[in-house]
1. With point charges of +1 on the Cβ of Lys and Arg and -1 on the Cβ of Asp and Glu, referenced to the Cα centre of region 1-157, which listed residue (GLY64, ILE92, SER113) lies farthest in the positive direction of the dipole?
2. Points 7 angstrom from Cα along the Cβ direction at GLU154 and ALA3: gap in nanometres?
3. Over all directions, how big on average is the projection of the convex hull of the alpha-carbon atoms in region 87-184, in square nanometres?
4. Taking the Cα centre of region 77-116 as origin and charging only Cβ (+1 Lys, Arg; -1 Asp, Glu), how large is the dipole, in debye to the nearest 20?
5. Among 134-141, 66-73, 102-109, how do they line up by average Cβ neighbours within 10 Å per residue, starting with the highest?
6. What is the spin-label model distance, in nm, from ALA133 to GLN61 if the labels are put 7 Å beyond Cα along the C-beta direction?
7. Taking the highest mean first, how do the peptides 116-129, 44-57 order by number of other beta carbon atoms within 10 angstrom per residue?
8. Quick one: Karplus J couplings for region 89-102, per residue in order, coefficients 6.51, -1.76, 1.60, θ = phi - 60°, nearest Hz, x for Gly and Pro?
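Please treat every number below as a calculation from the coordinates, not as lab data. Bear in mind the structure is a predicted one, so any value in this text is a computation, not a measurement. A quick note on method: Cβ atoms are made from the backbone with ideal geometry, for glycine too, and the neighbour counts reach across all protein chains shown.
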Amino acid sequence: MQACADRLEEFLSKLLRQVGRSERRRHGALYVQGLLLDGERKSIEPLAQRVPGGNVQALQQFVGQSPWAWEPVRRLLAEQREEELLPAAAWIIDDTGFPKQGHESVGVARQYSGTLGRVGNCQVAVAVHLATAEKSMPLDWALYLPQAWIEDGERCRKAGVPEHTPFRSKGELALELIDHLLGWGLKRQPLLADAGYGNSSGFAKAWRVVNCPTWWGSSRVQRFGTGRRSGCSPAGEGVGVARADPIIEVSRRP
């Protein structure tokens, strides 16, 4: 146990250098420890009660108000995971549902959740995972905001959503995440996505990854190809429009 505690302390010490002041680093470490401890509820108040030295107000400020930049932290996490998960096999694009009881959490709505295996009240996050043959870890992720949220300015304001936040589909979010990874200098990997992404023609046309095999499902076929351009912004942004080429389509029907 002591060895695990020492490893966690070393990990957090390096990671939390990015958030600035010593108070932020201390409360950040307590927050992560609280997430790792047993207990079904991971909201601030019960979490603070489980962690020695936990303070509800201080943890709430760290999570919801403290103005530290998230990108350097996320980038360092991605770089560390790339170093640890070897040999890398692919980047996997997927979305994950987080079941919720109420209606005030950002992005919560009745929507499909793979976690539940059905439509339910939940939040949904899109993520790009780095996978080996045996395991995977998320490299970058983003919360999906349904159209109904974007159209309800008062609801967004109460939940702390920045003003004028545009609607972005899950496919657009995934492409932005890949742009982050490429911009951070991570090594390109073969790209995999399920039919939820493969059925979107705009998503498929937006692949612009240099010499990167891509595979995605659709309701009728499975596709594999090699992208020919760099960057993954949605069609209409950046230079030109690319598709995976050549394409091999394999019917799922008998």
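1. Value computed over the given set: GLY64.
2. Using points 7 Å along Cα→Cβ, the separation is 5.8 nm.
3. Numbers: hull surface 28.6 nm².
About 7.2 nm², averaged over all directions.
4. Details: 3 positive and 7 negative charges, 74 e Å.
So the dipole magnitude of region 77-116 works out to roughly 360 debye.
5. 134-141, 102-109, 66-73
6. 5.1
7. 116-129, 44-57
8. Here the 3J(HN,Hα) series is 10, 6, 9, 10, 8, 7, 10, 10, x, 10, x, 9, 8, x Hz.
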